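Notes to accompany the following structure.
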């Protein structure tokens, strides 16, 4: 069975599940156009996640995926946290603000308990994908028993092999070019493999279907990566500019300003690629102290961004984007899907 048949879609195009940016409207628009829409629910609680899923189901009868974070829970190193707060204190003072004294774990992991699993079983989406790791064995079995397809991001061959061994249905090969958070299981170990190389590595050594993600902005690039062995492609950055995304005005403006990107762990505590701003030019100094664990670091970054934004300064935003963001096109999701399909078939 082809991946299109597995997922129940017409075109080999998936919307990347971008937490904070994806919306039911965008997911439904992609799904209604023959691709696989998605909801990035890793930053949501169970109640708001359910609301988004039900709204998407009301907007489309077509399949879509939901996505959760699967990071290993971390205990906050208080001394490290204080050093990081001290390091960013001058930035807060620029806006006459005081940084918080403690950092919070703002994003739950799918591994923490079965609340998100039970929500998935209750709402029955076509597929559920995971970032930063693999669900536990009993969670995978429950999803399989319910007939829900499972996908997990891999950034290297070792992760892909672990994904296959765990019984996951499909692997997402996330190359170094991808925008947003690297899906690495261990935040200290990133092989930084290019998407094209990663697809070839995984298809040579694994039997499960591969979806390619990272640096794909048009159908010609998609076709090239499909010819290397991927059965479909997943795009995120290309869709952020759509009117139905949740990106704010500053984010949209930055996307269309011929930007360059860089990876940093200073924003969230995990490596992530975004448009170069003060995090990269000011905070990522050689003498920078170690960042606290994810997502505690993200708590501080969000508070600094909120303070700066109130003062009209958008230089601390987490404007996630892939390495080819300068190729972005102003198109709505349906038109973008149609254009991608046309370019793939050329």
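Of the residues making up the range 60-69, those that are surrounded by fewer than 18 Cβ atoms within 10 Å (Cβ to Cβ) and either in a helix (DSSP H, G or I) or touching a residue at least 40 places away in the same chain (Cβ under 8 Å) (or both) number 1. Answer with yes or no whether residue 151 is surrounded by 15 or more Cβ atoms within 10 Å (Cβ to Cβ), touching a strand residue (DSSP E or B) at 6+ places or on another chain (Cβ under 6 Å) and outside any loop (DSSP other than H, G, I, E, B). Yes, satisfied.
A quick yes/no check of all residues on (1) part of a loop (DSSP other than H, G, I, E, B); (2) in contact with a helix residue (DSSP H, G or I) (Cβ under 7 Å, 6 or more places away or on another chain); (3) touching a residue at least 24 places away in the same chain (Cβ under 8 Å); (4) surrounded by fewer than 23 Cβ atoms within 10 Å (Cβ to Cβ):
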position: 302; (1), (2), (3), (4): no, no, yes, yes
position: 316; (1), (2), (3), (4): yes, yes, yes, no
position: 323; (1), (2), (3), (4): yes, no, yes, yes
position: 331; (1), (2), (3), (4): yes, yes, yes, yes
position: 334; (1), (2), (3), (4): no, yes, yes, yes
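Within the range 86-100, none of the residues are at pLDDT 95 or above, in a loop (DSSP other than H, G, I, E, B) and touching a strand residue (DSSP E or B) at 6+ places or on another chain (Cβ under 9 Å). Going by the conditions given, is residue 158 within 20 Å of residue 188 (Cα to Cα) and either without any contact (Cβ under 8 Å) to a residue 60 or more places away in the chain or in a helix (DSSP H, G or I) (or both)? For residue 158, the condition - within 20 Å of residue 188 (Cα to Cα) and either without any contact (Cβ under 8 Å) to a residue 60 or more places away in the chain or in a helix (DSSP H, G or I) (or both) - is met. Between 52, 82, the distinction of being surrounded by 15 or more Cβ atoms within 10 Å (Cβ to Cβ) and more than 21 Å from residue 24 (Cβ to Cβ) belongs to 82 only. Count of the range 96-152 residues, restricted to those that are under 28 Å from residue 80 (Cβ atoms) and free of Cβ contacts under 8 Å to residues at least 12 places away in the same chain, is 3. Looking across the range 217-244, just one residue is part of a loop (DSSP other than H, G, I, E, B) and under 14 Å from the mean Cα position of the chain (by Cα), and that is 236.
Would it be correct to say that residue 65 is under 12 Å from residue 125 (Cβ atoms) and out of contact with any strand residue (DSSP E or B) (no Cβ under 8 Å at 6 or more places or on another chain)? The answer is no for residue 65. Considering (1) at pLDDT 95 or above; (2) surrounded by 15 or more Cβ atoms within 10 Å (Cβ to Cβ); (3) within 24 Å of the chain's Cα centre (by Cα), the lone condition that residue 74 does not fulfil carries the number (1).
Among the residues making up the range 28-43, those that are outside any loop (DSSP other than H, G, I, E, B) and closer than 12 Å to residue 67 by Cα are 37, 38, 39, 40.
The values are calculated or read from the model by the stated rules, or taken from the named source; none is laboratory data. On a predicted model such as this, the values are computed, not experimentally measured, just so you know. All Cβ positions, even for glycine, are placed from backbone atoms using ideal geometry, and neighbour counts span all protein chains on display.
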